[in-house]
Structures are given as C-alpha cells and as structure tokens.
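*Asks:* For reference, the structure I am asking about is given below.
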Amino acid sequence: MIPDWRELINKLERHGLDAAEFVALLDWAQDAEAYTAILARAADTARQIFGNRIYIRGLIEISSYCRNDCFYCGLRRSNPQACRYRLSEEQILACCEEGYQLGFRTFVLQGGEDAWFDDTRICRIISAIKQSWPSCAVTLSLGERSRESYQRLYQAGADRYLLRHETADSQHYRLLHPPSLTLANRMRCLYDLREIGFQTGAGFMVGSPGQSKQTLAEDLLFLARFRPHMVGIGPFLPASNTPFADQPPGSVHLTLFLLAVIRLLLPKVLLPATTALGSAVADGRAQGILAGANVIMPNLSPPEVRQKYAIYDNKLTSGAEAAEGLRELKQQMQKIGYQIVTDRGDSPDK
Ligand code: SAM
Ligand code: SF4
C-alpha cells in the first residue's frame, strides 16, 4: 500500500525517511492536493524561521574558462562555441562596489575551473573585498580544489563555498561526467570544506539525464546525512553543443516539489530560488519562494559578459534577474508578501 503523504511528511519532519519512503513521497508530486499542501507547509516552515525575509546575494561570474568537461554544461572545455572571458581583479572589485551601493552584503564569486585563478589570485581578491567591505560575506563557487587550497581561501577570509554534489549516485555521476571526475572526489571536497569551517552548499540539477526517483532519493538521503548550510537546486536546462543538447529540460513542477521537501527536511537551510528556475518559467523565482526558498542571487557581473557565461541556453540575465533590477525584484517579492533584506544572511546553523 502507498503510504499517505501526511504520514510521510510527519515522519520526514520528525526523524527523516528511508530511500523507499522518499520514492513514495516523490510519487505524491503528481497528486494536486498533496502537491499544493506540501508546498504551502514548506513556505510556512520557512516563514517560521526567516519571517517574510528574503536574502539576496550578488553573483559575479568571474570566468567562463573551464578545464572540465561535464556533459551537461555549456562551459565544458570541449565546447568550441563557448565564448571565453575572465574578469580582471579590478573588474571584480568594481562589481562589488556597485553591488555594495545597491545593498548587497554577500558577493558570490563563481566560475569554471580556470587555472588562471590560482590560490594567490583568489586570496588577493578575497582580502581586497574584505578590506574594502568588512561587513560583507564572500561566497566562492569555483569547483574542486585541494584541501590545502580550500584552507588558504578560508584563511584569506572567504566565508562560504557552494559545490553542488550533482548526484549522490555514483553510476549516475558517471553518466553526467567524464571518468576524470568522480563522485568520491566531489564528496571529499564537500567534507573538506565543511571541516575547514566554510558554510557549505551542496545541491543538484532536477531532471538531469539518467536521473530517477531512486537517484533523487539518494540525493535527499545525502542531504539528510551531510546537513549542508545551503542547498542549490534548479532544473537541468539543455546547452547547445554539449552531449546533452537534445535532452528535455527538467520539470519546474518537480523542482518546486523538491524545494519544498528540502525545506521540510532541513528547516533552517539557506535555499535559493535559482536563476535556472527563473530562466525556465517567467515567475519561477516567485514560485520558488512560495515553495520554501528564501534566497535570490541576482546577477552582478558586468552586463557584457552575462550572456557569455552560458552554462545553458536562454539564461535569464535582465530585468529582476539583474542586480540593477533590484527595484523590480523587490516589487515582485512584495506582491507575494515577502521583503528583500540587505543583511549578510548567514546560516542560522553557523
Ligand atoms: N564550476 C563550478 C562547479 O561546477 O561547481 C561552478 C560553476 S558551475 C556552472 C555551477 C553549477 O551549474 C553546477 O554545479 C551545475 O549544477 C549547474 N549547471 C551546469 N550546467 C547546467 C545546465 N545545463 N542546466 C542547469 N544547471 C547547470
Ligand atoms: Fe566546468 Fe562547472 Fe561547467 Fe563542470 S559545471 S564544465 S566544472 S563550469
């Protein structure tokens, strides 16, 4: 007999679920009543912890060069059509200055795995940001590095690190990546980051090729075990000139359901309504907030590079997605009963 969704949710909140129960819960995403009730409960849980406050992070895409070849990503090294650029240190600091004026108190430096940004350069940039804007948090999302490298970045003042685990199932991981990239190393990085002291973010794409309810159950079990401070999930969106260019995009419906399940699983987690969700559907980010998300990361990169950082096709880079569009974003959030706040928004579990 299929367990009732109310029982599953109660158990999820009290002691968590096993793999079979997570699969059963995912089946309920197709039931309109259960779906609506679970999303509403997740939004309620987020409100109990964060009130109606939505944290913002300014996203600076520092490099579109990448030595890796992930099958899903438009920046993979084997994509000859990818436009490559890297920002100078001066450009990155100018983005922070603009962001600070707009009210951002967290800067997220994200990029492909670009050897140009070695420890010395990144540490210099972190120190310069911390010196000019000591009240601000620095988040990095620069992929896999050695433990020593993470340690140096932390000592230079970086506060948080986002590294999606992508999938917690090793066979599925092999389907998404060339043999040089392994789930074991991804996990090693995540555990190193957390031990060093970073507020650490994991996550995955929803609807990546080969994903199933079983692999999603593995993802949820991993999140329950690892208890990251942040979880980034968004729909897989196909990127031209990649092996997955013709694959169907991930489902927005399932992404919203998973946001809600993650909020109920880890009530205090920082959970962004991602750009991919906003790119997949017009009011995606508002829908994400109403499913329990509490973070938005507008784009603070120089406008001329935003389209070049093309991890997938049709990426949203204008309007409320852009840092300059903050007023529009504030209005969108007000309409659904939320307010954008400008504090650092550290993890309550820090
Ligand atoms: N290079 C770093 C890394 O891989 O962790 C950071 C940048 S990478 C572009 C950030 C995230 O983008 C990845 O973790 C992946 O989940 C997501 N991503 C890549 N290609 C995508 C696609 N086609 N659709 C949706 N998300 C994608
Ligand atoms: Fe590089 Fe990250 Fe894209 Fe993989 S997902 S190809 S590591 S930028």
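The values are calculated or read from the model by the stated rules, or taken from the named source; none is laboratory data. Note that the coordinates shown come from a computational prediction; the quantities given were computed from them, not determined experimentally. Ideal geometry is used to build each Cβ from the backbone, glycine not excepted, and the neighbour counts take in all protein chains shown. Each accessible area value is taken on the protein alone, full model and side chains, heavy atoms only, with ligands, DNA and RNA left out. Shrake-Rupley method; radii C 1.70, N 1.55, O 1.52, S 1.80 Å.
*Asks:* If you take the square roots of the eigenvalues of the alpha-carbon gyration tensor of segment 307-350 and sort them as a ≥ b ≥ c, do you get rounded (a/c under 1.5), prolate (a/b over b/c) or oblate?
*Replies:* Oblate, because a/c is 1.5 or more while a/b does not exceed b/c.
*Asks:* Right, next: Order the following by accessible area, largest value first: Ile2, Ile62. Probe radius 1.4 Å; ligands, DNA and RNA are ignored.
*Replies:* My answer, sorted largest first, is Ile2, Ile62.
*Asks:* A further question on this structure: So for the chain: antiparallel DSSP bridges make up what percent, rounded to the nearest 5?
*Replies:* 5
*Asks:* May I ask you to compute the full-extension gain from Gln30 to Arg227, defined as 0.36 nm times their residue separation minus their alpha-carbon distance, rounded to one decimal in nm?
*Replies:* 68.2 nm
*Asks:* Shape verdict for segment 1-58, please, from the Cα gyration tensor: rounded (a/c under 1.5), prolate (a/b greater than b/c) or oblate.
*Replies:* Since a/c reaches 1.5 and a/b is larger than b/c, the shape of segment 1-58 is classed as prolate.
*Asks:* Using alpha-carbon pairs under 8 Å, 6+ residues apart, how would you state the relative contact order of segment 204-301 in percent?
*Replies:* Relative contact order comes out at 28 percent.
*Asks:* Run the 1.4 Å probe and let me know the accessible area of His229, rounded to the nearest 10 Å².
*Replies:* That residue has around 30 Å² of solvent-accessible surface.
*Asks:* Using a basic spin-label model with each label point 7 Å from the Cα along Cα→Cβ, how many nm lie between Arg344 and Asp313?
*Replies:* 4.2
*Asks:* Here is a further query. If each Cα of the chain is one equal point scatterer, what is log10 of I(q)/I(0) from the Debye formula at q = 0.07, 0.10, 0.11, 0.13 Å⁻¹?
*Replies:* These q points yield log10 I(q)/I(0) values of -0.26, -0.56, -0.68, -0.99.
*Asks:* What full-extension length gain, to one decimal in nm, is calculated for Arg47 and Val281 as 0.36 nm per residue of separation minus the Cα-Cα distance?
*Replies:* Fully extending the segment from Arg47 to Val281 adds 81.8 nm.
*Asks:* Tabulate in residue order the Karplus-calculated ³J(HN,Hα) for segment 277-293, using 6.51 cos²θ - 1.76 cosθ + 1.60 with θ = phi - 60°, rounded to whole Hz; enter x for Gly and Pro.
*Replies:* Karplus-based 3J(HN,Hα) across segment 277-293 equals 5, x, 7, 6, 8, 3, 9, x, 6, 4, 4, x, 4, 6, 9, x, 6 Hz.
*Asks:* Could you check which residue among Ile38, Ile60, Ile196 shows the biggest mean-square fluctuation in a GNM of the chain with a 10 Å Cα cutoff?
*Replies:* Comparing Ile38, Ile60, Ile196 in a Gaussian network model of the chain, the most mobile one is Ile196.
*Asks:* In debye to the nearest 20, how big a dipole does the chain give about its Cα centre with +1 on each Lys and Arg Cβ and -1 on each Asp and Glu Cβ?
*Replies:* Approximately 580 debye in magnitude.
*Asks:* Now for a separate question. Please arrange Lys11, Lys315 by accessible surface area, largest first, computed with a 1.4 Å probe and ligands excluded.
*Replies:* I get Lys11, Lys315, largest accessible area first.
*Asks:* Oh, and also: Can you give the accessible area of Met297 in Å² (nearest 10), computed on protein heavy atoms with a 1.4 Å probe?
*Replies:* About 40 Å², ignoring ligands and nucleic acids.
*Asks:* Continuing with the same structure: Amide H of Tyr65: which non-local residues (sequence gap of 5 or more, or other chain) have their own amide H closer than 5 Å, using H built in the peptide plane?
*Replies:* Tyr85, Gly112
*Asks:* Please build a GNM for the chain, connecting alpha carbons under 10 Å apart, and tell me which residue among Ser180, Ser251, Ser63 fluctuates the most.
*Replies:* Of Ser180, Ser251, Ser63, the most mobile in the Gaussian network model is Ser180.
*Asks:* Pairs of alpha-carbon atoms within less than 8 angstrom and 6+ residues apart define the contacts here; what relative contact order does the chain have, in percent?
*Replies:* Averaging sequence separation for qualifying contacts and normalising by length gives 24 percent for the chain.
*Asks:* For Ser141, Ser88, write out the residues from largest to smallest accessible area, computed with a 1.4 angstrom probe and no ligands counted.
*Replies:* Of Ser141, Ser88, the descending order of accessible area is Ser88, Ser141.
*Asks:* Work out, in µm²/s and without decimals, the Stokes-Einstein translational diffusion coefficient of segment 198-276 at 25 °C, 0.890 mPa s, Rh from Kirkwood over C-alpha pairs.
*Replies:* Approximately 187 µm²/s, per Stokes-Einstein.
*Asks:* Which value, in Å², gives the accessible area per residue of the chain when a 1.4 Å probe is used on the protein heavy atoms?
*Replies:* Accessible surface, normalised per residue, equals 40 Å².
*Asks:* Which one of Thr255, Thr36, Thr317 has the biggest mean-square fluctuation once the chain is modelled by GNM with Cα springs under 10 Å?
*Replies:* The residue that fluctuates most here is Thr36.
*Asks:* Further, regarding this structure: Taking amide hydrogens as modeled 1.01 Å from N in the peptide plane, which residues meet the under 5 Å criterion relative to Leu270, leaving out close sequence neighbours?
*Replies:* Met230, Val231
*Asks:* Expressed as a whole number of Å, what is the distance separating the alpha-carbon centroids of segment 274-350 and segment 43-101?
*Replies:* 11
*Asks:* Measure off, as a whole percent, the carbon and sulfur share of the 1.4 Å-probe accessible area of the chain, all protein chains present.
*Replies:* On the chain, the fraction of accessible area on carbon and sulfur atoms equals 50 percent.
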